[in-house]
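Here is the structure we will look at.
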Amino acid sequence: MDRKMRYLPKCEVIDGLPEEILSRNAPILKKLLYRNFPFQHAPLSAVREGFLFDCPQSGRPPRWRFSTGIFFNLLRTAWSNLPAEVQERTVLNSELLTRFMWLRGEDKFVVEGKPTWLLTSERHLPSFADRDRVEATKDHVFQDGGPVSITIDLIQEPAKNELREKIKYALHKEAKFHVPHTMMHLITEDRTSEEIFYQLSMFQFSYLASHAVMFEGAKFGDVLKNPLTMQAIAFNGRVMYFSAFQLNTLDLEGDSGIKNLMWKYADRMYGDAVLEGKKSKVVDFNKDCFLHFLSFLHNK
């Protein structure tokens, strides 16, 4: 999976998150999280209450239940505490699908799917890497991705057949805001970190490449004068997976030249959650992980 994540979108993968995201928002978010007393316990309560969402009377609820409840509560908590100007210039969408076709060497690939949510904005996020860092990707060498399906299917059953009938380019011109900002995806089945980041990379690459062709006038084979960026978050009920992607090129056929860039980072939102009668107890809640979550939503 790691080789495919690098090879298919012609991408250099970097461990960690871009400093531009964290440093730009850190002063505002730390003040909100650590000095605003009513807000200090809100994320912890979001996890605690989310774990009880549609919970059976006894035993641990299935992952798809508590991951949905926890993530929805965390998103609601974060969103309600974002500045008004951030809320006004973004829209949360649940029906924006993606389909993109490209050539890699002599092979033709198709990626199609739909994340849980896609946050779109009225304008692009700033670049995560400057021109010198982009130029340095010319020296990056990666191995062949190996055998891979011609169609990279990101749609999960049972909605696969229904969604395929509706599949279209990711960003339609009728949307209020059509610039991809942050995609958010719930992981409701057991997957490795590599599989999750591979899925995020394909989603991000597809959305940005589609946008470049549809709205920026880019063509296959072009190196973008102004790179396009977006963020991604996946959540499996306990661990949050963060990814940032910068599309620098649509020259995808060969291995030489400018590469695209992807950053990846994963952290546990909490250690564990256990049922105690009709209540739940959350152990080792990670405020720093929630701070990353806020940083992605707050980024502008």
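The values are calculated or read from the model by the stated rules, or taken from the named source; none is laboratory data. These figures come from a predicted structure and were not determined experimentally. Cβ atoms come from the backbone with ideal geometry, glycine included; neighbour counts cover every protein chain shown. All accessible areas refer to the heavy atoms of the entire protein, side chains included, with ligands and DNA or RNA removed. Shrake-Rupley method; radii C 1.70, N 1.55, O 1.52, S 1.80 Å.
Against the conditions (1) assigned to a strand (DSSP E or B); (2) farther than 24 Å from residue 93 by Cβ, residue 181 satisfies every one except (2).
Among the residues of segment 100-115, write down those that are assigned to a strand (DSSP E or B), at pLDDT below 80 and either within 15 Å of residue 207 (Cβ to Cβ) or open to solvent by less than 70 Å² (accessible area, probe 1.4 Å) (or both). Hit for segment 100-115 is 104, nothing else. Name the single residue that is nearest to residue 236 (Cα to Cα) among those in segment 197-216 being of a type in the set (A, V, I, L, M) and free of Cβ contacts under 8 Å to residues at least 60 places away in the same chain. Filtering first and then ranking leaves 208. If you check 230, 202 for being at pLDDT below 95 and open to solvent by less than 10 Å² (accessible area, probe 1.4 Å), only one passes: 202. Restricting attention to segment 256-292 and to residues that are at pLDDT 90 or above and not in a strand (DSSP E or B), the residue that is surrounded by the most Cβ atoms within 10 Å (Cβ to Cβ) turns out to be 259.
Does residue 176 fit the bill of being open to solvent by 50 Å² or more (accessible area, probe 1.4 Å), under 26 Å from residue 296 (Cα atoms), modelled with pLDDT under 75 and in a loop (DSSP other than H, G, I, E, B)? In short, yes. Has segment 28-50 got at least one residue that is β-branched (Val, Ile, Thr), in contact with a strand residue (DSSP E or B) (Cβ under 8 Å, 6 or more places away or on another chain), open to solvent by less than 60 Å² (accessible area, probe 1.4 Å) and modelled with pLDDT under 80? Within segment 28-50, one or more residues are β-branched (Val, Ile, Thr), in contact with a strand residue (DSSP E or B) (Cβ under 8 Å, 6 or more places away or on another chain), open to solvent by less than 60 Å² (accessible area, probe 1.4 Å) and modelled with pLDDT under 80.
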